[in-house]
Amino acid sequence: MRPDICIVNFYSTNGRLGLHQDRDESRDSIDKGLPVVSFSIGDTATFLYGDERDADQAKDVLLESGDVLIFGGNSRKVYHGVTAIHADTAPKSLLEETNLRPGRLNLTFKQY
Ligand SMILES: O=C(O)CCC(=O)C(=O)O
Ligand SMILES: [Fe+2]
C-alpha cells in the first residue's frame, strides 16, 4: 500500500461521526481491500463497527491515544463511526508537551 490521502478529524468532547463506509477511494483500491490505517491521539473514543448501517447491531471498542486501527481485506467496507469522546482521558504528558486542546485527533491514511 502507498497511502496518498490523510483525513484529519478533530472531535471536541461532544463530537460524533455517524456509521458509514469509506468508499470515496478508487474502485480498484476498495476492491483490492487496501487498508484504512487510523491513528488516535488525545481523548479516548468509543468506536462502533459492523456489517450493517445499524448501531444496535454494531460492536464497539475503545480507541485510546496511541492506538492504530487498521481495516482492510474483507473488512475494508465495514460500517464504522464514533459515538462518544471521553473527556479528560488523554495522557497528561501529551497535553503538556503538545498543548492539544480537549478532544480527540484522528489521522486516517488511505490510498486513492
Ligand atoms: O475518527 C475515527 O476514528 C474514524 C474516522 C473515519 O471513519 C473517517 O474519517 O472516515
Ligand atoms: Fe470512515
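Each value in this text was obtained by applying a stated rule to the coordinates, not by laboratory testing. Bear in mind that the values here come from a model prediction, so they are computed numbers and not experimental data. Here the Cβ positions follow ideal geometry from the backbone for every residue, glycine too, while neighbour counts run over all protein chains shown.
Of the set (1) more than 18 Å from Gly81 (Cβ to Cβ); (2) away from ligand 1 (no atom under 13 Å from the Cβ), all apply to Ser65 but (2). Tallying residues that are over 24 Å from Gln111 (Cβ atoms), surrounded by 15 or more Cβ atoms within 10 Å (Cβ to Cβ) and in contact with an Asp or Glu (Cβ under 9 Å, 6 or more places away or on another chain) within region 12-44 yields 2. Within region 65-74, does at least one residue satisfy the condition of being in contact (Cβ under 8 Å) with a residue 40 or more places away in the chain and under 12 Å from the mean Cα position of the chain (by Cα)? Within region 65-74 (the criterion being in contact (Cβ under 8 Å) with a residue 40 or more places away in the chain and under 12 Å from the mean Cα position of the chain (by Cα)), the answer is no, since none of the residues qualifies. Only residues that are under 17 Å from Ser12 (Cα atoms), within 16 Å of ligand 2 (Cβ to nearest atom) and in a loop (DSSP other than H, G, I, E, B) were counted across region 93-112, and they come to 0.
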